[in-house]
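> Before I ask anything, let me first share the structure, which is written out below as structure tokens.
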Amino acid sequence: PLKLDLKASLGERDGSRYEAAELTSSETQSLLRKYHLADRRRTAMELGLQYTPLSWMTLDLNSHYAFDDYHETVIGLTESRDYGYDLNLTLQLSKQLSVYGFAGQQWIASKQSGDQSATWYGDIDDSFINLGAGVAYSGLLDDRLTLGADYQFADSEGETCIGAAQYDDYYSFNHSVELYGRYHLNDAMALKVSYRYERYFDTDGSDVGIDAVTGLTTLGVLNHNYNAHQLMLSFSYLLP
């Protein structure tokens, strides 16, 4: 069977018009005195699909698109587009053995403006990807023990352009693997032992070294690059 859901929406948010008094505000830029919830017009769509071609196989697809127009904003975020999809596959290969996998991507494109000596305009493009898979085998030791493994990968990139100037990109990725065993002491209590390995890396072009600019105090380069191992024992209790 096939199940299809489609949603569309239009929205308009009209924020307050509060402004700080000139006598108590010290900002040199009058537009920065405003303190209000930004007016926004939103157009959005969502598509959901669930398909079960076989009794042991289920496929889910969800996608979305949203456009936000901050039509009254002069300094700050003026426009944003957010769209992406998520795909999930579940396989029940036997009563004891189940397998799953998923994939998803998201893109966010934003425009903003600012003012120093002159008005400037910037574009920010961010992209994300998530992948994963896992397997679980239950029914061991009188149907009390479940063994499983999960893998996840995440990647993100960001590009920023102010006028004609192209800034260095932001980039990060993450790999993680988890092996676990869950033992049910009874219907309400369970013990879980798991081992998790994570590999993480990121680099941000906006980082400034400690001695890169004379007279400028910075926190230095804050990029991450590490391997992590975690061993965990947990206990869960289901309240009646």
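The values are calculated or read from the model by the stated rules, or taken from the named source; none is laboratory data. Quantities reported herein were computed from a predicted structural model and do not represent experimental measurements. As a convention, Cβ positions derive from the backbone with ideal geometry for all residues, glycine included, and neighbour counts pool all protein chains shown. These area figures cover heavy atoms from the full protein model, side chains too; ligands, DNA and RNA do not enter into them. Shrake-Rupley method; radii C 1.70, N 1.55, O 1.52, S 1.80 Å.
> Report, in whole Å, the centroid distance computed from the Cα atoms of region 43-100 and region 175-206.
Between the Cα centre of region 43-100 and that of region 175-206, the gap is 25 Å.
> Something else now. At a probe radius of 1.4 Å, what is the per-residue accessible area of residue 140, in Å² to the nearest 10?
The accessible area of residue 140 comes to roughly 50 Å².
> What does the charge add up to near residue 104, with Lys and Arg as +1, Asp and Glu as -1, over the other residues with Cβ less than 12 Å from its Cβ? Walk me through the numbers before you get to the answer.
Details: positive: none; negative: 60, 86, 155.
So the environment of residue 104 carries a net charge of -3.
> Oh, and also: Show me 163-173, 59-69 ranked by packing, highest mean number of other Cβ atoms within 10 Å first.
Packing order, densest peptide first, comes out as 59-69, 163-173.
> With unit charges on the beta carbon (Lys/Arg positive, Asp/Glu negative), name the residue among 96, 65, 78 whose Cα is farthest towards the positive pole of the charge dipole of region 53-114.
Of the candidates, 96 comes out farthest on the positive side.
> Okay, next question. Just grab the label-to-label distance for residue 196 and residue 140, each label 7 Å out from Cα along the Cβ direction, in nm (one decimal).
Taking the two extended label points, one gets 2.1 nm.
> If you don't mind, there's one more thing I want to ask. Quick one: net charge of residue 131's neighbours, Cβ under 13 Å, K/R +1, D/E -1?
Here the charged neighbours net out to -3.
> In addition: Rank-order 118-125, 1-8, 49-56 by packing density, defined as the average count of other C-beta atoms within 10 Å over each peptide's residues, highest first.
Details: 118-125: 13.4, 1-8: 9.2, 49-56: 11.8.
Packing proxy ranking, top to bottom: 118-125, 49-56, 1-8.
> I would also like to ask the following. Hey, rough spin-label estimate for residue 85 and residue 162, points 7 angstrom out along Cα→Cβ, what's it come to in nanometres?
Going from the residue 85 label point to the residue 162 one covers 3.6 nm.
> Right, here's the next one. Please calculate how many Å² of accessible area region 63-202 carries per residue, with a 1.4 Å probe and no DNA, RNA or ligand atoms counted.
Per residue, region 63-202 has 58 Å² of solvent-accessible surface.
> Now for a separate question. Using a simple spin-label model with points 7 Å from Cα along the Cα→Cβ vector, what separation in nm is obtained for residue 105 and residue 224?
That separation, rounded to one decimal, is 2.5 nm.
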